[in-house]
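Some notes on the structure that comes next.
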Amino acid sequence: MKRATVRRASLSIVGMTLFVGVTACGSGGSGGSGGSGGSDKGGDGSPRLSPIAALRTAEKSTDGAESAKVESTTTMGSVMSMTADGALGWGDGLTGTLTITYTGGTMADTMRQMGTTSMEARYLPDAYYARMGDTFATQAGGRHWIKYAYDDLESLGGSSGAYLKDQMQNTTPNQSVKLLLASGDVREVGEEKVRGRHTTHYSGTLEVADLAEKNSSLTRSQLDDLKKTLEQAGVTTETVDIWVDDRDLLVKKIEKGETSAGAYSQTAYYTDYGTKVSAQVPPASDTANFTELVKQQGAGTGS
């Protein structure tokens, strides 16, 4: 592959992997809520929380756990399908490491041309790092890693970048619970087993642009620009299903929606809450800065 082609492919892959970190840990931001609390009687006569009250409890319990092992699968039209596996913490910003494997779509084809379909992603409170492999390194001065500083997101991506930065610095698995609370459309589906664990299944549908307005710290101008970006991407509504166990912890989530690139879906499983999480900054000598690559890409695509 040509040098510019490798850079261009690497930037696309980095963006998609950043997206995986947000969605695996949970979409949305610090949330509002819909509906009302309260309880009724269960089948055995014991008090039973309403869906809203139960989700509020699950949101607090999951947030307080501060870390978990994560396993997810993501698809987006013909663009990509991928898996992610690792551990993430959210006690002091998003931290952790995921192994991401592209299993289909144009992204997997691109990765194969770069010599691998799997990569390591490290999430730290101020930046995200992706290890791209040897083919990329031959075109990047021997450097294998790309650093994506969250402060650069806003300057490079405008309001969409500012929103992504906001989400990366505030996202936790309990955001999926907040998605349902913010939607105002919550229903209890029933009790189900998830990988041997007893859970209660909840479901709802939300308007993505309205959610962004309710659940971020962006200005009105930024939110207006973001809504325009979401509309251009074809994102309008999203369905969210979550499964909560007897300890009021999120066990599984499924998010589905439509974009201009096609239907997208992500399923994530959470286990081992409270697990130890660590992510080290890669050596500076082996790391290329994302902004540097963007400038090189703009300087000449035929080099």
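A few points about this structure:
- Flagged links, alpha-carbon separation over 31 Å, of K252/K295; K69/K178; K60/K295: K252/K295; K60/K295
- Loop-resident chymotrypsin sites (Phe, Trp or Tyr not before Pro) (DSSP state other than H, G, I, E or B) in the range 76-149 with no more than 10 further Cβ atoms inside 10 Å of their Cβ are absent.
- Charge sum, other residues only, whose C-beta stays under 10 Å from G204's C-beta, Lys/Arg counted +1 and Asp/Glu -1: -2
- Using the 1.4 Å probe convention, the accessible area of the range 58-102 works out to 36 Å² per residue with neighbouring protein chains retained.
- Where trypsin sites (Lys or Arg not before Pro) fall in DSSP loop in the range 242-280, at most 11 other Cβ within 10 Å: K276
- Cα→Cβ-extended label distance, 7 Å offset, between A261 and T103, nm: 1.8
- Gyration tensor verdict on the range 67-139 (Cα atoms; rounded if a/c is under 1.5, prolate if a/b is larger than b/c, oblate otherwise): oblate
The values are calculated or read from the model by the stated rules, or taken from the named source; none is laboratory data. Please read all numbers here as calculations on a predicted model, not as lab measurements. Note that each Cβ is placed from the backbone with ideal geometry, even for glycine, and that neighbours are counted across all protein chains shown. Each accessible area value is taken on the protein alone, full model and side chains, heavy atoms only, with ligands, DNA and RNA left out. Shrake-Rupley method; radii C 1.70, N 1.55, O 1.52, S 1.80 Å.
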